[in-house]
Amino acid sequence: MEDDDVILPCSLGTNQNIEKELFVWKKEGTVPLKVVFMFDDGTYSRGQDEEFKGRVSHFPEQLKHGNASIRMNKTTLEDNGNYTCSFPEMKPTKIFRIELVVGAAPKPSVTNLYQTNDWALLQCDVEGASPKPTVEWWDSTNKTLTSDEPQVTPKGDRFYITVKTTVKKTGFYRCVATQKEIWHQIHKEIYAHFGDRSGTGMMRATIVSVIFGIIGIVVV
C-alpha cells in the first residue's frame, strides 16, 4: 500500500558471495531506464535516479549469501511498474524481473444526507483510491443495495467516487470499497433509525478495515 515499505527480492540462489560483484536495479518503462540502486565492489548509489535517493537500501550482511534484494521505503503510486535486477559482468549475464503494484485505499466516508420517518438518503465518498475500486452499499446481511449510478472522477492514477442509496428500514448499512487487483476491501458503517418521534432519526458510524491478502511479487 502507499506509504508502506517493501522488499524487492533478488537472489542468485547459490549462496555465491557477491560482495565484489556489480549488480544493478532498474525500473523499466522509461528511456533511459531509471537506476533504482547500483552496487559495485562495496560502493552503491552511483548513478541513482533522484526519486529513489534516500529511499532505497540493500542488505550488506546478506551479500555473502548471494542476496541482492533491496528495501524501498515510503512507496508511492509512481513506484508502480516492472523492475529488473541484473548482474551485467557475470557470464552469462543474469537478469531477474519483478512487478511492483502499489495501491491507495483511503477509508470511505458516509453521510446521512436527508431523513424522514420513512426513508433516508445515504451517501458514500471514496477519495483518491487507486486502482479504481468497486463501491457498493450493503445492508446488515451483506446484501448489495440498489444505488444510484456512481459518480466517478479520475485525477491522474486516483479515483474519486460518490455513491448514494435510499433505505427504508432501521438498521446498519455499510459502504464497501473493493480493490480486487490488490486484494483489499474496506468499509464504513452507518446506523439509520426510523420511527423517531422527532422525525430526525439517528446516525452512528464506525470504521472497519479488512485486508484479504497481500499482493504477490513474482520473479521471472
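The values are calculated or read from the model by the stated rules, or taken from the named source; none is laboratory data. What you are looking at is a predicted structure, and each value in this text was computed from that prediction instead of being measured. All Cβ positions, glycine included, derive from the backbone under ideal geometry; neighbour counts span all protein chains shown. Side chains included, ligands, DNA and RNA excluded: accessible areas come from the protein's heavy atoms. Shrake-Rupley method; radii C 1.70, N 1.55, O 1.52, S 1.80 Å.
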When every residue in segment 183-214 that is outside any strand (DSSP E or B), open to solvent by less than 60 Å² (accessible area, probe 1.4 Å) and modelled with pLDDT under 50 is compared, the one nearest to I98 (Cα to Cα) is G213
Flagged pairs (Cβ under 6 angstrom, 6 or more apart or on separate chains; first in segment 1-14, under 24 Å from R158 (Cα atoms) and touching a residue at least 60 places away in the same chain (Cβ under 8 Å); second assigned to a loop (DSSP other than H, G, I, E, B) and open to solvent by 50 Å² or more (accessible area, probe 1.4 Å)) are D3/K74
Checklist entry - If you go through segment 38-49 one residue at a time, do you hit one that is β-branched (V, I, T) and in contact with a Phe, Trp or Tyr (Cβ under 8 Å, 6 or more places away or on another chain)? => result no
The condition of being closer than 30 Å to S147 by Cα, at pLDDT below 95 and either surrounded by fewer than 16 Cβ atoms within 10 Å (Cβ to Cβ) or not β-branched (V, I, T) (or both) holds, among D49, D118, only for D118
If we keep only residues of segment 140-176 that are more than 21 Å from A192 (Cα to Cα) and open to solvent by 90 Å² or more (accessible area, probe 1.4 Å), then the residue nearest to the chain's Cα centre (by Cα) is D157
> in contact (Cβ under 8 Å) with a residue 60 or more places away in the chain, closer than 30 Å to K132 by Cα, of a type in the set (D, E, K, R) and touching a helix residue (DSSP H, G or I) at 6+ places or on another chain (Cβ under 9 Å), is that true of E21?
Replying inline: no
* If we scan segment 149-163, do we find a residue that is farther than 26 Å from V6 by Cβ and in contact (Cβ under 8 Å) with a residue 40 or more places away in the chain? -> yes
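Conditions tested, residue by residue: (1) in contact (Cβ under 8 Å) with a residue 24 or more places away in the chain; (2) surrounded by 19 or more Cβ atoms within 10 Å (Cβ to Cβ).
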site: P92; (1), (2): no, no
site: I98; (1), (2): yes, no
site: V110; (1), (2): yes, yes
site: W137; (1), (2): yes, yes
site: E181; (1), (2): yes, no
A129 fails exactly one of (1) open to solvent by less than 30 Å² (accessible area, probe 1.4 Å); (2) free of Cβ contacts under 8 Å to residues at least 60 places away in the same chain; (3) closer than 30 Å to G66 by Cβ, namely (3)
